[in-house]
Amino acid sequence: MPHRPRIHLQRVLFCLIAVLGLGNPALADDDKRAPRVPLLLKYQQECAACHVAYPPGMLPAASWQGVVNDLQHHYGTDASLDPAAVRELSAWLTANAGTNKRAREKPPEDRITLSAWFVREHNEVPTPTWKRPAVKSAANCAACHTRADQGEFRERDIRIPR
């Protein structure tokens, strides 16, 4: 019986390490566990009217600046806004942009779907899945991530449409 307290202590320590993410250096810099930033009302009104309001931490500040400064050519659509709205969105997106390993580098064309972390996270998704009518493209997060509208992208909330 003298080993039982030691085993119990080891289990408790293991659980603490697992819960706090101390045993996995990748979690220390991972924004999956970062608190969600409440969405700016203007961002919800203007951006989420057409697509999921992507959490600002998904791109670095330089990418958000590129997106906001070229709204007249917003990925093939004119999403122009008045200068005051552009300033407000730009300031908020820049202040809340990603700064961790996920958003360290500016992805090609400032596209979340071309970022290294996105490609890595979605590498098991077969190409035809992106072309399904219910999905349409990799940018349509809400097609598979049932809580994308709430800024949550956990694997347990994924439902891939047929």
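Coordinate-derived values only; no laboratory data. Just so it is clear, the model here is predicted, and its values are computed rather than measured. Because the Cβ atoms are built from the backbone with ideal geometry, glycine has one as well, and the counts that use them run over all protein chains shown.
Scanning the stretch 67-103 for residues that are over 13 Å from the mean Cα position of the chain (by Cα) and part of a loop (DSSP other than H, G, I, E, B) yields a count of 9. Scanning the stretch 132-152 for residues that are part of a loop (DSSP other than H, G, I, E, B) and either touching a residue at least 24 places away in the same chain (Cβ under 8 Å) or of a type in the set (Gly, Ala, Ser) (or both) yields ARG132, ALA134, VAL135, SER137, ALA138, ALA139, ASN140, GLY151, GLU152. A Cβ distance below 7 Å, combined with a sequence gap of six or more or placement on separate chains, defines the contacts here; from the stretch 108-130, residues that are assigned to a helix (DSSP H, G or I) reach residues that are among the small types (Gly, Ala, Ser) in the pairs ASP110/SER63; ASP110/GLY66; THR113/ALA138; THR113/ALA139; TRP130/SER137; TRP130/ALA138. Look at (1) among the basic types (Lys, Arg); (2) closer than 15 Å to CYS47 by Cα; (3) not in a helix (DSSP H, G or I) and you find that ARG162 fails only one, number (2).
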